[in-house]
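One structure below.
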Amino acid sequence: MQIPIERYTLPNGLRVVLSEDHTNPVVAVNLWYNVGSRNEVPGKTGLAHLFEHLMFQGSQNVADTQHVAHLERAGGSVNGSTWLDRTNYFETVPANRLELALWLESDRLGFFLPAISQEKLDNQRAVVKNERLQRVDNAPYGDWDERLQGMVYPPDHPYHHSVIGSMEDLDRATLDDVRDFFRTYYAPNNAVLTLCGDFDPAGARALVERYFGPIPRGPRIPPLPGRPDIPHRMGGEVRARVEGDVALPRLYLGFRIPPYGTPEFYAADVLSSVLATGKSSRLYRTLVRERRLAKDAGAFTFPIVTGAAMLVVTATATPGTTLEALEAAVLAELEAAPSGGDLAAEIRRAVTGIEARHVIGIQQVSERANDISMYTTRFDDPGRINTELDHYRAVGEEHVRRFALEFLAADNRAVLAYAPRAQQEAA
């Protein structure tokens, strides 16, 4: 299926992509800002994610919290998310309410600052801090990604710190910090707007021009802080052990790999599927079903583009299994990755699964719009949605072997182990 793509750029720098589809009477509106936690400087972490909350607190012409209310009354769904290298806002609305969605998104892009206040900042700061307590600080294994990022990426790299930021940095964020962050990164020339679904292209163009055209271009986006360019291998092994309130030992292995978009990344993604997607995958079959050393096992990549990406392998021990035994078993499977099993057949199955998930996902206009915004933001190529699978289909047995030998080595490994506190006390 070939997805239609029409792209253009407004004079203020806003990149716009239209993808017409009259299958269902709905339209997805997706706005990606090219800003995430990687853009934050030391001492001011968490601002990108804090903005995801603040942007739903009203703008000059939209009362507090009414952005969501307007869309839900119209029968739409709406949300936003923040990650290492992007912040996105998205809604799916009935086709006849496209103008409402565009007005709301343009109002908070063009007229957010007049509505921000100390009260709103304090309120949403408290919400984010509570989110951190629930999801990170007080959740079993909740800080794994924060810890593993800090191990895989050096302190001066933009991915070294977590998306949600530290409590101390959240506490010290000021209203001026918020205003400066918005003026710097929330600008048409740092955004991609994608419309996908049931609309008339000429009418959609006119609406986009009407609501987004008058918003002025922002300042030049500053370079990423720190040292974004780093070697694709760590050059050594780093280890950390956390004794905490967890029920079972769990292991996280992090490997630094070439960034998303490179041939090596696609080999890594296919290999992660061979290792841990489905009950016939290597880690699940060996560790969970046969040896019963683990109750679960997983492997996945971080599709990120600044300097280097990351491959993560994880496993949770069964009761009575030590971390040492679990790690030895996981490492044995990784060492066998270049040669064990029927690798060619496993790769074919993995690629077929990736194809199926991709095709199923883009059946929804919301997922399709988000993917188009992603490819435009990261590669300036919205048409990549029609060619992305070619990169996976090109992955062969030799590609996976070379990747495993080079990047799953002991000198490119971060080992993060969680152990129940009672285990330490008993010892």
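We did not get these values from a lab; they are worked out from the coordinates using the rules stated. Since this is a predicted model, take the numbers as computed values, not measurements.
Springs between alpha-carbon pairs under 10 angstrom, Gaussian network model over the chain: which of 346, 264, 243 fluctuates most? Highest fluctuation of the listed residues: 243.
Before rounding to the nearest 500, sum -39500 (n - 2.57) across all DSSP H runs of length at least 4 in the chain and divide by the residue total; then give [θ] at 222 nm in deg cm²/dmol.
Computed mean residue ellipticity for the chain: -12000 deg cm²/dmol.
Give the Kirkwood hydrodynamic radius (Å, one decimal) of the range 1-49, defined as one over the mean of 1/r across all pairs of different Cα atoms. Let's see the in-between values first.
Values: mean 1/r = 0.0704 Å⁻¹.
Final number for the Kirkwood radius of the range 1-49 is 14.2 Å.
Give me the percent relative contact order of the range 244-330, please, defined on Cα pairs under 8 angstrom at least 6 residues apart.
Values: 161 pairs, mean separation 32.7, N = 87.
Contact order relative to length: 38 percent.
Taking all C-alpha pairs of the chain, those more than 28 Å from each other amount to 54 percent.
First check a/c for the range 339-380, with a ≥ b ≥ c the square roots of the eigenvalues of its C-alpha gyration tensor; if it is under 1.5, answer rounded, and if not, answer prolate when a/b is larger than b/c or oblate otherwise. Write down the numbers at each step before the final one.
Values: a/c = 5.99, a/b = 2.13, b/c = 2.82.
Note, shape of the range 339-380 comes out oblate.
For residue 279, the aspartates and glutamates whose Cα falls under 12 Å of its own Cα, not counting residues fewer than eight places away in the same chain, are 290, 296.
Taking a straight line from the alpha carbon of residue 120, these lysines sit under 20 Å away, with near neighbours fewer than eight places off in the same chain left out: 44, 129.
Relative to the globular-protein estimate of 2.2 N^0.38 Å, the Cα radius of gyration of the range 20-111 stands at 1.16.
Normalising by residue count, the range 238-358 has a Cα convex hull of 124 Å³ per residue. Comparing 228, 188, 25 in a Gaussian network model of the chain where C-alpha atoms under 10 Å apart are linked, the largest mean-square fluctuation is found at 25. Taken over the alpha carbons of the range 53-152 as equal point scatterers, the Debye sum produces base-10 log I(q)/I(0) values at 0.13, 0.16, 0.21, 0.25 Å⁻¹ of -0.60, -0.82, -1.09, -1.30. With no solvent and one point per C-alpha, what does the Debye sum give as log10 I(q)/I(0) for the range 294-427 at q = 0.11, 0.14, 0.16 Å⁻¹? Rounded to two decimals, the profile gives -0.58, -0.86, -1.04. Taking one quarter of the surface of the convex hull spanned by the alpha-carbon atoms of the range 318-360 gives a direction-averaged projected area of 4.6 nm². Taken as Cα centroids, the range 290-354 and the range 1-18 sit 39 Å apart, rounded to the nearest whole angstrom.
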